[in-house]
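Novice: One structure is given below, represented as structure tokens, and several questions about it will come after.
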Amino acid sequence: MQNTLPALRQDRGWSQQRLADELGVSRQTIISIERGRFDPSLPLAFRIARLFETSIEHVFEPDDAE
């Protein structure tokens, strides 16, 4: 799954740790999501989208192969 999380986070001037704190997850979770190594649960994906005041589809996009 591809995502725009790094760009959204950087637009706000937030560190990975700040985003992790806002979402109540570890910094390692944010790193893994941003690098595409971990797909968030649906509740976490909704929290991310809500935090950035956008849709889940704007943050996460499935790979074409899936």
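Derivation of every value follows stated rules applied to the coordinates shown; laboratory data play no part. What you see is a predicted model; the values in this text were computed from it and never measured. Cβ: placed from backbone, ideal geometry, glycine included. Neighbour counts: every protein chain shown.
Novice: Determine which member of the set 34, 22, 57 is at negative phi, touching a Pro at 6+ places or on another chain (Cβ under 7 Å), of a type in the set (Asp, Glu) and without any contact (Cβ under 8 Å) to a residue 60 or more places away in the chain.
Specialist: When all the criteria are applied, what remains is 34.
Novice: Select from segment 41-52 the residues that are free of Cβ contacts under 8 Å to residues at least 12 places away in the same chain and not polar (S, T, N, Q) and list them in ascending order.
Specialist: Passing the criteria: 42, 43, 46, 49, 50.
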